[in-house]
Amino acid sequence: FPFHPAAGTYVAGSPQVECTSQSGTGKPACSRPGKRKANMASILAVDDDVQQLGALKRILRRSGFEFEGFSNPRLGLRAVVRIRPDLILLDVMMPRLDGMSACRILREDPRTIHIPVLMLTATDARESRRLAYDCGADDFISKPFAPEDMLARVRGRLRRAEQVRATPHRMAICGSIR
C-alpha cells in the first residue's frame with residue numbers, strides 16, 4: 001500500500017477495498033468492499049531510558065503511528081522478528097547490548113534486513129555517526145531532538161522504504177559495449 005507521508009499512514013490503492021490492521025502486526029489486511037481506511041505504520045523503539053520511550057510513544061501515536069517500546073534491547077530484538085515493524089528506532093548507548101550491536105544483528109537477519117533503522121543518541125560525535133552508518137543504520141538522530149524533526153526523518157525513511165518496495169528489481173548488465 002502506498003505510504004501517505006503527511007499522515008504517516010498506509011492507504012489502500014482502491015476505494016473498493018476496506019483495510020484493517022491485522023491483530024498486533026500493524027500491517028494492513030484488506031478484504032470486503034466498503035469505504036477505504038488508512039492504516040498506521042508501525043514503529044518499534046528500543047531505549048533503556050523509559051522516560052524517552054514514553055516521549056516517543058506520545059509523539060508517534062499523536063502523529064498516527066502504531067508504537068511498541070522496549071527498554072531491554074534483547075527483548076526488543078525478539079519483538080522485531082515477531083512484530084515486523086515498518087521502522088525501528090534504536091538508542092546507541094544501552095546496557096547489555098548497545099544499539100550498534102543490535103543494528104548489526106538486525107542487518108544480518110534476512111527477516112529484518114529491509115527494515116529502516118534510525119539511531120538515537122545523546123552524543124553528537126562524528127565518530128558515533130560514522131559507526132552508526134557502518135553498522136547499517138539508515139539515519140541518526142541526536143537527543144534532545146525537536147519532535148517535528150524526528151517525525152520528518154521517520155516519515156522520510158518510511159517514504160523511501162515504500163519507494164524501494166514499489167520499484168521492480170532490475171538486473172544490471174555489466175560489460176563493455178563496442
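Please specify each residue of segment 130-148 satisfying the condition of being without any contact (Cβ under 8 Å) to a residue 60 or more places away in the chain, open to solvent by less than 90 Å² (accessible area, probe 1.4 Å) and of a type outside the set (Val, Ile, Thr).
Initial filter on segment 130-148 (without any contact (Cβ under 8 Å) to a residue 60 or more places away in the chain): 130-142, 144-146, 148.
Those left that are additionally open to solvent by less than 90 Å² (accessible area, probe 1.4 Å): 131-132, 135-142, 145-146.
Passing the criteria: LEU131, ALA132, CYS135, GLY136, ALA137, ASP138, ASP139, PHE140, SER142, PHE145, ALA146.
Find all pairs meeting these conditions: Cβ atoms under 8 angstrom apart; at least six residues apart or on different chains; first residue within segment 62-81 and within 15 Å of GLY99 (Cα to Cα); second residue among the basic types (Lys, Arg).
Going by the 8 Å Cβ cut-off, the qualifying pairs are GLY69/LYS57; ASN72/ARG96; PRO73/ARG96; ARG74/ARG96.
Tally up the residues in segment 43-54 that are open to solvent by less than 40 Å² (accessible area, probe 1.4 Å) and either in contact with a helix residue (DSSP H, G or I) (Cβ under 7 Å, 6 or more places away or on another chain) or under 16 Å from MET119 (Cα atoms) (or both), please.
7
Identify, please: which residue in segment 101-129 is open to solvent by less than 40 Å² (accessible area, probe 1.4 Å) and in a helix (DSSP H, G or I) and is, among those, modelled with the lowest pLDDT?
Looking at residues that are open to solvent by less than 40 Å² (accessible area, probe 1.4 Å) and in a helix (DSSP H, G or I), I get SER128.
Looking at (1) over 23 Å from ASP48 (Cα atoms); (2) of a type outside the set (D, E, K, R); (3) in contact with a helix residue (DSSP H, G or I) (Cβ under 6 Å, 6 or more places away or on another chain), which is the one condition that is false for PRO168?
(3)
Filter segment 137-155 for residues that are assigned to a loop (DSSP other than H, G, I, E, B) and within 13 Å of the chain's Cα centre (by Cα); which is farthest from ALA102 (Cα to Cα)? Spell out the reasoning first.
Of all residues in segment 137-155, those assigned to a loop (DSSP other than H, G, I, E, B) come to 137-138, 143-146.
Adding the requirement that they be within 13 Å of the chain's Cα centre (by Cα) leaves 137-138.
On the way: ALA137: 10, ASP138: 14 Å.
Only one residue fits best here, namely ASP138.
The values are calculated or read from the model by the stated rules, or taken from the named source; none is laboratory data. What you see is a predicted model; the values in this text were computed from it and never measured. Cβ: placed from backbone, ideal geometry, glycine included. Neighbour counts: every protein chain shown. Accessible surface areas use protein heavy atoms only, side chains included; no ligands, DNA or RNA. Shrake-Rupley method; radii C 1.70, N 1.55, O 1.52, S 1.80 Å.
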